[in-house]
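Participant: This structure is in structure tokens; I'll ask about it shortly.
The values are calculated or read from the model by the stated rules, or taken from the named source; none is laboratory data. Note that this is a predicted model, so its numbers are computed, not measured. Methodologically, a virtual Cβ is constructed for each residue, glycine included, from the backbone with ideal geometry; neighbour enumeration extends over all protein chains shown.
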Amino acid sequence: MHENSAIGTKTASQITEDSRCQGSSADQDLLRDLVTANHILHDQGVVDAFGHVSVRHDKHPDRFLLARNMAPALVGIEDIVEFDLDGEPLNAAGRAVYLERFIHGQIYRARPDVIAVVHSHSPTVVPFSVVKKTPFRAVCHMAGFIGTGTPNFDIRDVAGDGTDLLITSNDLGKALAKTLGDKVVVLMRGHGSTVVAGSLKKAVYRAVYTEVNARTQAEASRLGEVTFLSEAESVTTSNSIETQVFRAWDFWKQKAAAATAAIF
Ligand code: MN
């Protein structure tokens, strides 16, 4: 779905020479964390060969950082590309970029509070995007950030019938950002979901627990009528639990590093 044409073969030094980036470089620790985020999201089953995670540039808020077009598990620091908010790559140097980069740019433009974005097709969330009457809501304290309802973007409403369901333009990105509104999660009908946060680690946490909540909600629904978190509980639990994101990050990072070592 997100495959693109040939991947460039330039070296890291050639990429730097070709760079159209002006101004300060992104923080190296932030780049390393973005690589880690890619590996964690794969290891935790949020992304497979598809899906992507970005972070807003630490020195240029009108730019973001996202890997070139490749499977997240394989991303290294040399694969990170800088983009403007229209999804224009500034230092791709011929490398293929993700078809759906417009998701990221347009959300950063619409939401100054957002620092990181995860787009995935995490498998248990997709069913909630295609059923008409079952809302996707927080059912457990670890996922209070989901709240009492989740907007669902149907590309057919804005682009008509016959699309490939992908967000492949700035207009579609804008429409998705509008549907997201001030929420944390937006479902994408028959496709996946996009999750945002005010930090990269929190975005990774939320993406993982969006999938966990979907599993829990689906399982609970099979047992009987579900008691969801209330609006007040959603706020209190997310404020409380999300102070503990570092614990998940540190563990998932080590686990993903072991898995990545096994791949190579
Ligand atoms: Mn997608």
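Participant: Inside region 155-177, can you point out the residues that are part of a helix (DSSP H, G or I) and under 22 Å from Val204 (Cα atoms)?
Facilitator: At the first step, the residues of region 155-177 found to be part of a helix (DSSP H, G or I) are 155-159, 170-177.
Hits for region 155-177 are Gly173, Leu176, Ala177.
Participant: Just to be sure before I move on: is Ser129 within 16 Å of the ligand (Cβ to nearest atom), under 15 Å from the mean Cα position of the chain (by Cα) and not β-branched (Val, Ile, Thr) in the structure I sent?
Facilitator: Details: within 16 Å of the ligand (Cβ to nearest atom): yes; under 15 Å from the mean Cα position of the chain (by Cα): no; not β-branched (Val, Ile, Thr): yes.
No.
Participant: So if I check each of Leu172, Leu165, Leu180, which one is surrounded by 15 or more Cβ atoms within 10 Å (Cβ to Cβ), at positive phi and within 16 Å of the ligand (Cβ to nearest atom)? Let's see the steps before the verdict.
Facilitator: Working: Leu172 fails: at positive phi; Leu180 fails: at positive phi.
Criteria check complete, one pass: Leu165.
Participant: How many residues, within region 69-110, are more than 16 Å from the ligand (Cβ to nearest atom), crowded, with 18+ Cβ neighbours inside 10 Å and in a loop (DSSP other than H, G, I, E, B)?
Facilitator: 5
Participant: What are the pairs with Cβ atoms under 7 angstrom where one residue, in region 162-174, is within 10 Å of Ile103 (Cα to Cα) and the other, located anywhere, is more than 12 Å from the ligand (Cβ to nearest atom) and of a type in the set (Asp, Glu)? Sequence gap at least six, or different chains.
Facilitator: Asn170/Asp86
Participant: Out of all the residues in region 132-154, which are outside any loop (DSSP other than H, G, I, E, B), more than 16 Å from the ligand (Cβ to nearest atom) and within 18 Å of Asp182 (Cα to Cα)?
Facilitator: Step one: list which residues in region 132-154 are outside any loop (DSSP other than H, G, I, E, B), which gives 141-146, 152-153.
Retained after the next criterion (residues that are more than 16 Å from the ligand (Cβ to nearest atom)): 141-146.
Ala143, Gly144, Phe145, Ile146 - these are the residues of region 132-154 that are outside any loop (DSSP other than H, G, I, E, B), more than 16 Å from the ligand (Cβ to nearest atom) and within 18 Å of Asp182 (Cα to Cα).
Participant: A follow-up question, please. Which ones in region 31-53 are surrounded by 17 or more Cβ atoms within 10 Å (Cβ to Cβ) and away from the ligand (no atom under 16 Å from the Cβ)?
Facilitator: Leu31, Asp33, Leu34, Val35, Thr36, Ala37, His39, Ile40, Asp43, Gln44
Participant: Applying the selection to region 208-217, what residues are away from the ligand (no atom under 16 Å from the Cβ), of a type in the set (D, E, K, R) and closer than 29 Å to Arg32 by Cα?
Facilitator: At the first step, the residues of region 208-217 found to be away from the ligand (no atom under 16 Å from the Cβ) are 208-209, 212-217.
When the remaining residues are screened for being of a type in the set (D, E, K, R), the result is 215.
Selection gives nothing.
Participant: When the residues of region 15-58 are narrowed to those that are out of contact with any Gly (no Cβ under 9 Å at 6 or more places or on another chain) and at pLDDT below 50, which ends up farthest from Glu211 (Cα to Cα)?
Facilitator: Per the stated criteria, the residue is Glu17.
Participant: While we're here: Which residues, taken from region 111-126, are outside any loop (DSSP other than H, G, I, E, B) and either within 16 Å of the ligand (Cβ to nearest atom) or surrounded by fewer than 23 Cβ atoms within 10 Å (Cβ to Cβ) (or both)? Please lay out each step first, then the result.
Facilitator: Initial filter on region 111-126 (outside any loop (DSSP other than H, G, I, E, B)): 116-120, 126.
Hits for region 111-126 are Val117, Val118, His119, Ser120, Val126.
Participant: Moving to a separate point now. Please go through region 183-207 and pick out each residue that is more than 15 Å from the ligand (Cβ to nearest atom), among the small types (Gly, Ala, Ser) and part of a helix (DSSP H, G or I).
Facilitator: Result: Ala203, single match.
Participant: If I ask for residues that are more than 27 Å from Lys183 (Cβ to Cβ) and touching a Phe, Trp or Tyr at 6+ places or on another chain (Cβ under 9 Å), which ones from region 92-123 would you list?
Facilitator: Keep residues of region 92-123 that are more than 27 Å from Lys183 (Cβ to Cβ), which gives 92-96.
Correct list: Ala92 only.
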